[in-house]
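*Asks:* Below is the structure I would like to discuss, written out as structure tokens.
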Amino acid sequence: MKVRVTAPKLLMLLIASALLVSACSKKKQYAPIAEWEKYSDPFFGLSFTHPKGWHLTAEGGRITLTASYEAAERFVDPRAEDKREDDLDIQITVFHERPDSLQPLDEIVNTYTKERSSEGFLVKPTETIIVDSTDARKFSYAGNYTQKTKLSTTRVYMFRDSVQYYLDYSAFDDLFEPYSAIMDTLIASIKLPRPKVKAAGVDESLPSTTFTDFSNNFLKISHPDNFETSFPAVKGDMKFSLELKGYRQDCTVRIDIFPAKGLTVDKVFEQNQSKYARASKGGEVTISGQKALYLNYSPARDIASRAYFLVKDDQVYRIIMNYYTPMRGAFLPVFEQTVKSLKIG
């Protein structure tokens, strides 16, 4: 039986077909990275630019940034299927270590890419590039963890002054290409450490009177430029931890951020006083425009400590300074200046 297609019906079919083609050809729109900020470790001498406000963790020689805490969890378990539509599952990593024995750069890259190939990843050819005036190797690989989950990665390897570095940019599914500028920015902006020249007559164990800034989406603080910034692993409901440490391992400043759960600073202080050994009278100061309460205590022989507590936006900011008592005059004023410089919110 023949079906007669009239002119109106044909027109409707053509319109429907055009709409279908248009819908299929319309590409998904991705929000651009609107703001960037600089990560800087003045003690080690490493710095680079990354998207502003990303979740940062640092442990040892590994610095990892993800768009959110949820994205970080997905990289821990790539096979998880509970992805939300608006998740930005992207991660960048900057890693450095001083290996016991040095291997040629190309040998390291060849070994790594062969391992990825044996795991089923499709590895693209290696390129030779220059990163901060340093010879480097760049390659990309991609593969599926599940039928719905694909992970793509670009890695860059390099050596500088017997230290091995690699930079990673990884993204799930269709996010890899639209946000590849993150890796381009990382490669273009990273500054690797330079050999330090010690000034004659300078005691390296003392805190410098020259300050530098550290900032991220949680806080901004100024500290001696010969102090290292590190980020202890957070556990439980802890949101962020920052530690400032110089040559002396017993002279530090640490900041922890965790939920206040509706408590005022007075109540938080009251609940925490009993946790500190041999605590003595402290006082009240203003930090970042907020009321802060502190107490002095001694956790060990010849070590003096002070714990500050302040609350803002239902978050507790706990600041703990430790210093070697015989060197109080050199450390305490500098540490008090560091704490006073803290800006939050």
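*Asks:* Restricting to the stretch 159-187, and then to whatever is without any contact (Cβ under 8 Å) to a residue 40 or more places away in the chain and touching a Ser or Thr at 6+ places or on another chain (Cβ under 9 Å), can you tell me which residue is surrounded by the most Cβ atoms within 10 Å (Cβ to Cβ)?
*Replies:* Only one residue fits best here, namely Phe176.
*Asks:* Let me ask something else. Name, by its number, the condition in (1) free of Cβ contacts under 8 Å to residues at least 40 places away in the same chain; (2) not assigned by TED's automatic domain parsing to the domain that holds Phe335 that does not hold for Leu242.
*Replies:* Unmet for Leu242, out of (1) free of Cβ contacts under 8 Å to residues at least 40 places away in the same chain; (2) not assigned by TED's automatic domain parsing to the domain that holds Phe335: (2).
*Asks:* Now a separate question. In the stretch 159-195, what residues are part of a loop (DSSP other than H, G, I, E, B) and closer than 19 Å to Ile108 by Cβ?
*Replies:* Asp161, Ser162, Ile190, Leu192
*Asks:* Residue pairs, Cβ under 9 Å, 6 or more apart or interchain, first in the stretch 40-51 and among the aliphatic types (A, V, I, L, M), second not in a strand (DSSP E or B). List them.
*Replies:* Leu46/Ile190; Leu46/Leu192; Leu46/Pro193
*Asks:* Now for a different question. Could you grab the pairs with beta carbons closer than 7 Å, sequence gap of 6+ or different chains, first residue in the stretch 266-291 and outside the structural domain of Asp313 (by TED's automatic domain parsing), second one modelled with pLDDT of 85 or more and not in a helix (DSSP H, G or I)?
*Replies:* Close Cβ pairs (under 7 Å, with a partner that is modelled with pLDDT of 85 or more and not in a helix (DSSP H, G or I)) do not exist here.
*Asks:* Can you pull out every residue in the stretch 100-134 that is surrounded by 12 or more Cβ atoms within 10 Å (Cβ to Cβ) and among the small types (Gly, Ala, Ser)?
*Replies:* Matches in the stretch 100-134: Ser117 only.
One line per residue, one yes/no per condition, for (1) at pLDDT 95 or above; (2) farther than 17 Å from Leu186 by Cβ:
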position	(1), (2)
Arg98	no, yes
Thr113	yes, yes
Glu119	no, yes
Thr126	yes, yes
Ser133	no, no
Ala136	yes, no
Ser140	yes, no
Gly143	no, yes
Arg155	yes, no
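*Asks:* Let me ask you something else. Would you say Val202 is closer than 28 Å to Val253 by Cβ, assigned by TED's automatic domain parsing to the domain that holds Lys114 and modelled with pLDDT under 95?
*Replies:* no
*Asks:* Contact list please: Cβ distance under 6 Å, first residue in the stretch 56-82 and closer than 19 Å to Lys239 by Cα, second residue of a type in the set (D, E, K, R), pairs at least six apart or on different chains.
*Replies:* Ala71/Asp89; Arg74/Asp89
*Asks:* When the stretch 49-84 is examined, which residues are found to be over 24 Å from Ala142 (Cβ atoms) and surrounded by 13 or more Cβ atoms within 10 Å (Cβ to Cβ)?
*Replies:* Thr49, Lys52, Gly53, Leu56, Thr57, Ala58, Gly61
*Asks:* Within the stretch 307-331, how many residues are crowded, with 16+ Cβ neighbours inside 10 Å, within 15 Å of Ser280 (Cβ to Cβ) and either more than 26 Å from the chain's Cα centre (by Cα) or among the small types (Gly, Ala, Ser) (or both)?
*Replies:* Total satisfying the criteria: 1.
*Asks:* Starting from residues that are surrounded by fewer than 17 Cβ atoms within 10 Å (Cβ to Cβ) and within 24 Å of the chain's Cα centre (by Cα), keep the ones in the stretch 244-257 and report whichever is nearest to Met321 (Cα to Cα).
*Replies:* By that ranking, first place goes to Gln249.
*Asks:* Does the stretch 81-100 contain at least one residue that is over 24 Å from the mean Cα position of the chain (by Cα) and within 30 Å of Glu243 (Cα to Cα)?
*Replies:* yes
*Asks:* Residues of the stretch 269-306 being touching a Gly at 6+ places or on another chain (Cβ under 8 Å) and either loosely packed, with under 11 Cβ neighbours inside 10 Å or in a strand (DSSP E or B) (or both), which ones?
*Replies:* Correct list: Leu293, Tyr294, Leu295, Asn296, Arg306.
*Asks:* Within the group Arg137, Arg116, which residue is in contact with a Leu (Cβ under 7 Å, 6 or more places away or on another chain) and either assigned to a loop (DSSP other than H, G, I, E, B) or among the charged types (D, E, K, R) (or both)?
*Replies:* On inspection, the qualifying residue turns out to be Arg137.
The values are calculated or read from the model by the stated rules, or taken from the named source; none is laboratory data. Just so we're clear, the structure is a prediction, and the values are computed from it rather than from any experiment. Note that each Cβ is placed from the backbone with ideal geometry, even for glycine, and that neighbours are counted across all protein chains shown.
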